[in-house]
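Report on the structure given below.
The values are calculated or read from the model by the stated rules, or taken from the named source; none is laboratory data. All values derive from a computational prediction rather than experimental measurement. Cβ coordinates were reconstructed from backbone atoms using ideal geometry, including for glycine residues, and neighbour counts include every protein chain displayed. To get the accessible areas, we keep the full protein, side chains included, count just its heavy atoms, and leave off ligands, DNA and RNA. Shrake-Rupley method; radii C 1.70, N 1.55, O 1.52, S 1.80 Å.
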Amino acid sequence: MALRPSAAALEWFKRGARGLFGGKQTRTGNKVSHAENKSRRTWKPNVLEKRLYSETLDRTVRWKVTAAAWRTIKKKGGLDGYLLGSSEEMIRFPVAIAMKHEIAAARAAAAAGERMGLGAVAGGISAAAAPDLNPAAAGRPGVRGR
């Protein structure tokens, strides 16, 4: 007996849940000829494959992103700002939602460390002692893409 996924589970497998689409979906309408004959057609979102860099996690990911979402990511100052500033309903991409929670946890841990007077510590080594662990020292911009 094969189990069918629930409607909520199927929601994750729609096209918009396979990348950062920023709420964009396939639109439908009519193609109208010069003689005003109408036939159905679709408009698909402008989807790009981008490499995005998370400064908090010091990690690059390769995701599908719409041009509108890409502009918003640049406006928010990078992937971290976009994910933390967007609701999970808007993101809809399970991998991005998980990364959003990772970023929030990492920032909370860093803030707790600063409150305790530990400063920026990465793996037991201070950031000043190991500048190669600092992405700003490596010359990486907040958002990378081609």
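The figures follow:
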| quantity | calculated |
| --- | --- |
| Extreme residue, nearest to Arg51 (Cα to Cα), among residues of segment 74-121 that are in a helix (DSSP H, G or I) and among the β-branched types (Val, Ile, Thr) | Val95 |
| Residue in segment 98-107 that is surrounded by 12 or more Cβ atoms within 10 Å (Cβ to Cβ) and at pLDDT below 90 present | no |
| Yes/no for Asn37 being open to solvent by 80 Å² or more (accessible area, probe 1.4 Å), without any contact (Cβ under 8 Å) to a residue 24 or more places away in the chain and either farther than 17 Å from Ala96 by Cβ or of a type in the set (Gly, Ala, Ser) (or both) | yes |
